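Encoded as structure tokens, the structure appears first; notes follow it.
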Amino acid sequence: MCAFAAIIPAVTAPASTSDLAERIDALLPQTQCTKCGFAGCRPYADAIASGAAEINQCPPGGQAGIVKLAALMARTPLPLNPANGVERPLTMAVIDEALCIGCTLCIQACPVDAIVGAAKRMHTVLPENCTGCDLCVAPCPMDCIAMVLLRPALPWTQADADAARARFEARRLRLAHEARERDERLEAMAIAKLAEITVRDDLSVREADQKKAAVQAAIERARARRLQTGTLAALPRRTEEDEGAGLAAACPPRASGTEQA
Ligand code: SF4
Ligand code: SF4
Ligand code: SF4
């Protein structure tokens, strides 16, 4: 008989697909590594809740995570799908700072803001924030990021998952704010341009109308981009306190030592 044959009863019946997805997400490790085949833990949770994904696609959660998901879903636990990867000890990214050219591609790839550095300056990983997701390795043009095993090995705890989720959410909000502020700047520049065209006396009426139409179209595009996402349109203005809020998410230190993975 298969070792995973027993069906574990559901803890309680979730009220809706959204509630179920919330509860599934709470069981996922929040590394946001995308190894499940989805853009992050919450999209995978949504897919499980809607029946579009199996419960055995998360390597960081491993077999213990699958058993928890099976219990919640009243399903039979399955072995981890090898197509999604293998269960392995916790690793951490380390940058060979002598080789780093400061291209910032790793910062852009990191879902939890665990890398610091500026353009053309050396970059470094904040060990306490790194989830070991690997996502920074592939984009590095200098091949100077290595994933190393933690020594001694440490478990990925619920506190680690909570901190990773907080960092991921803070980053998502920061990027949304930046996109909105960029669109607002572009729109303000376009409106100023429109006013400038209106008072120019070196343009024929036809030329002025053509330029105004082009600028007006750019303004409409910027407005449409902002309105495309309801959440973005509803974002409150950033304050100086907000700027530091993302980095304030606590994460217990884990990296007592490392070894090449
Ligand atoms: S930890 Fe990675 S594989 Fe697991 S659900 Fe989150 S994104 Fe998917
Ligand atoms: S530093 Fe690299 S491995 Fe660590 S969380 Fe960021 S992207 Fe993932
Ligand atoms: S991707 Fe590589 S080279 Fe570019 S900043 Fe990061 S570590 Fe440095």
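The values are calculated or read from the model by the stated rules, or taken from the named source; none is laboratory data. Only a predicted model underlies this, so the values are computations on that prediction, with no experimental measurement involved. Glycine also receives a Cβ, built like all others from the backbone with ideal geometry; neighbour counts cover every protein chain displayed.
Looking only at the stretch 69-82, decide whether some residue is free of Cβ contacts under 8 Å to residues at least 12 places away in the same chain, touching an Asp or Glu at 6+ places or on another chain (Cβ under 9 Å), in a loop (DSSP other than H, G, I, E, B) and farther than 18 Å from Arg167 by Cβ.
In the first step, residues of the stretch 69-82 are kept if they are free of Cβ contacts under 8 Å to residues at least 12 places away in the same chain; the result is 82.
Okay, now just the ones that are also touching an Asp or Glu at 6+ places or on another chain (Cβ under 9 Å), so none.
For the stretch 69-82, residues free of Cβ contacts under 8 Å to residues at least 12 places away in the same chain, touching an Asp or Glu at 6+ places or on another chain (Cβ under 9 Å), in a loop (DSSP other than H, G, I, E, B) and farther than 18 Å from Arg167 by Cβ: absent.
Residues in the stretch 169-193 that are more than 25 Å from Lys211 (Cα to Cα), surrounded by 13 or more Cβ atoms within 10 Å (Cβ to Cβ) and among the hydrophobic types (A, V, I, L, M, F, W, C): Ala170, Leu173, Ala176, Ala179. Tallying residues that are in contact (Cβ under 8 Å) with a residue 40 or more places away in the chain, within 8 Å of ligand 3 (Cβ to nearest atom) and in contact with a strand residue (DSSP E or B) (Cβ under 9 Å, 6 or more places away or on another chain) within the stretch 98-122 yields 1. For the stretch 235-246, the count of residues that are modelled with pLDDT of 55 or more and hydrophobic (A, V, I, L, M, F, W, C) is nonzero.
On the given criteria, is Arg151 of a type in the set (D, E, K, R), surrounded by 17 or more Cβ atoms within 10 Å (Cβ to Cβ) and more than 9 Å from ligand 2 (Cβ to nearest atom)?
Working: of a type in the set (D, E, K, R): yes; surrounded by 17 or more Cβ atoms within 10 Å (Cβ to Cβ): no; more than 9 Å from ligand 2 (Cβ to nearest atom): yes.
Spelling it out, it is not the case that Arg151 is of a type in the set (D, E, K, R), surrounded by 17 or more Cβ atoms within 10 Å (Cβ to Cβ) and more than 9 Å from ligand 2 (Cβ to nearest atom).
Take Gly65 and decide whether it is free of Cβ contacts under 8 Å to residues at least 60 places away in the same chain, part of a loop (DSSP other than H, G, I, E, B) and small (Gly, Ala, Ser). Judged against the criteria, Gly65 is not a match. All conditions but one from (1) crowded, with 17+ Cβ neighbours inside 10 Å; (2) within 9 Å of ligand 2 (Cβ to nearest atom) apply to Val137; the one that does not is (1). Scanning the stretch 39-92 for residues being hydrophobic (A, V, I, L, M, F, W, C), under 18 Å from Asp134 (Cβ atoms) and either surrounded by fewer than 15 Cβ atoms within 10 Å (Cβ to Cβ) or within 16 Å of ligand 2 (Cβ to nearest atom) (or both) gives a total of 7. Checking the structure you have, find out if any residue of the stretch 81-100 is on the phi > 0 side of the Ramachandran plot and at pLDDT 95 or above. Checked against the condition, which is being on the phi > 0 side of the Ramachandran plot and at pLDDT 95 or above, the stretch 81-100 yields at least one hit. For the stretch 123-139, the tally of residues that are away from ligand 1 (no atom under 16 Å from the Cβ), in contact (Cβ under 8 Å) with a residue 40 or more places away in the chain and not acidic (Asp, Glu) stands at 1.
Every test in (1) away from ligand 2 (no atom under 12 Å from the Cβ); (2) free of Cβ contacts under 8 Å to residues at least 60 places away in the same chain; (3) surrounded by 17 or more Cβ atoms within 10 Å (Cβ to Cβ) is passed by Ala166 save one, and that test is (2).
Where residues in the stretch 106-134 are in contact with a helix residue (DSSP H, G or I) (Cβ under 7 Å, 6 or more places away or on another chain) and of a type in the set (Gly, Ala, Ser), which of them is farthest from ligand 2 (Cβ to nearest atom)? I'd like the intermediate steps shown before the answer.
So in the stretch 106-134, the residues in contact with a helix residue (DSSP H, G or I) (Cβ under 7 Å, 6 or more places away or on another chain) come out as 111-115, 117, 123, 129, 131.
Still in the running and of a type in the set (Gly, Ala, Ser): 114, 117.
Details: Ala114: 4, Gly117: 11 Å.
So the residue we want is Gly117.
Taking the stretch 90-105, which residues are within 16 Å of ligand 1 (Cβ to nearest atom), in a strand (DSSP E or B) and out of contact with any helix residue (DSSP H, G or I) (no Cβ under 7 Å at 6 or more places or on another chain)? Those that are within 16 Å of ligand 1 (Cβ to nearest atom), in a strand (DSSP E or B) and out of contact with any helix residue (DSSP H, G or I) (no Cβ under 7 Å at 6 or more places or on another chain): Thr91, Ala93. For the stretch 106-122, the candidate set comprises residues that are under 19 Å from Arg172 (Cβ atoms) and among the aliphatic types (A, V, I, L, M); within that set, the residue that is nearest to ligand 1 (Cβ to nearest atom) is Val112.
Scan the stretch 123-139 for residues that are on the phi < 0 side of the Ramachandran plot and more than 10 Å from ligand 3 (Cβ to nearest atom) and jot them down.
Initial filter on the stretch 123-139 (on the phi < 0 side of the Ramachandran plot): 123-131, 133, 135-139.
Result: Leu126, Pro127, Glu128, Asn129, Cys130, Thr131, Cys133, Leu135.
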